[in-house]
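The values are calculated or read from the model by the stated rules, or taken from the named source; none is laboratory data. This is a predicted model, so every value here is computed, not measured. In this analysis, Cβ positions are derived from the backbone assuming ideal geometry, glycine residues included, and neighbour counts consider all displayed protein chains.
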Amino acid sequence: MLRFDHVSKVYKVGTFGGKKLLAVNDVTFDVADGEVVSLIGESGSGKSTIGKMILHLISISSGTISFDGTDISTIKQGGRKEYFRKVQGVFQDPFSSYNPIFKADRIFKILKDEFFPELSTEDWNKQVRETLISGGLNPDHILNKFPHQLSGGQLQRLLVARALLLNIRFLVADEIISMLDASTRIDVLNLLADLKAHGLSILFITHDLSLANYISEKAIILYRGCVAEMGTTGKVFENPQHPYTQMLMASIPRLDRKWSAADTTLKAGQPMATGCVYYDRCPLHFEKCLEAPPSVEITPDHHVACWKVTAA
């Protein structure tokens, strides 16, 4: 359904935009119809930039993003409404999506005015209530309330309901549960799983490995804008090949024992060439990296990128 093909994004930074920041570097992946793909990485790895490019919020510097075979960069202003009928996003902070001086369900009125002006108010209200119920919300407890009267989980599920009212096919879920408590997180995750079962494709952007393992079929490990490793979630999590992925897996907190620094410490060797884009953060810059082949294909559905790429 969605394909990233050698996509890069360069931001102009510094005084008068005199410097350049390579936020996304030659990224290629695809999301199939009805598939959940987790995009995993630390802050600053380029995850949200990828989401924003899919949602047409920022431009692409190079490469192509295709949806149903159509390059989305060729979609002009008049065609964006149709694109947004199929592709929507929900973001990390639900409170930032609401105007505090208006009631929260005003987002549904805006949606009706823009996309469904032909529907009667009665039919629209019925559709809204049915969608809220399917999302695990009680309309009588949600509607006609101001944002500060609702919890973060309720506000987040309102935004998911807003996207579902368009009968979308693809959802960019950008850290949508990172600000929620543990009990609410599982409710939102299960909601996404139900939506997936009904055919919705989801790009699940997160830095939480356990959440990615819970919900996705494919995992993409992103570091400094590059794809370090990707494949089926089981293979990436159970048998990580890239040193950065191994470091992430070793850092997952465990309930059965206390964490110690030794958990992520490996036998040291000679540092690898500083030209590697992973050098300054990856703790595994040892002889293991120097001895590794430039590129390793494990299986067709488990790819490990070169970790000796020359820094841009």
Quiz item: Does the range 132-151 include one or more residues that are assigned by TED's automatic domain parsing to the domain that holds Glu35, surrounded by 19 or more Cβ atoms within 10 Å (Cβ to Cβ) and among the basic types (Lys, Arg)?
Solution: no
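Out of curiosity, is Val188 part of a strand (DSSP E or B) and either free of Cβ contacts under 8 Å to residues at least 60 places away in the same chain or out of contact with any Asp or Glu (no Cβ under 9 Å at 6 or more places or on another chain) (or both)?
Considered against the rule, which asks whether it is part of a strand (DSSP E or B) and either free of Cβ contacts under 8 Å to residues at least 60 places away in the same chain or out of contact with any Asp or Glu (no Cβ under 9 Å at 6 or more places or on another chain) (or both), Val188 comes out as no.
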Quiz item: Out of the range 26-41, which residues are of a type outside the set (A, V, I, L, M) and either surrounded by 23 or more Cβ atoms within 10 Å (Cβ to Cβ) or within 19 Å of Asp174 (Cβ to Cβ) (or both)?
Solution: Phe29, Asp30, Glu35, Ser38, Gly41
Self-check item: Some residue of the range 25-47 being within 14 Å of the chain's Cα centre (by Cα), among the polar types (S, T, N, Q) and modelled with pLDDT of 90 or more
Solution: yes
Self-check item: Close pairs from the range 59-80: first in contact (Cβ under 8 Å) with a residue 40 or more places away in the chain, partner surrounded by 13 or more Cβ atoms within 10 Å (Cβ to Cβ) and assigned to a helix (DSSP H, G or I), Cβ under 6 Å, at least 6 apart
Solution: Ile60/Met53; Ile60/Ser73; Ile65/Ile72
Quiz item: Quick one: is Ile177 in contact with a Leu (Cβ under 7 Å, 6 or more places away or on another chain), in the same structural domain as Glu35 (by TED's automatic domain parsing) and either among the aliphatic types (A, V, I, L, M) or modelled with pLDDT of 90 or more (or both)?
Solution: yes
Quiz item: If you scan the range 143-168, which residues turn out to be β-branched (Val, Ile, Thr) and over 14 Å from Asp187 (Cβ atoms)?
Solution: Ile168
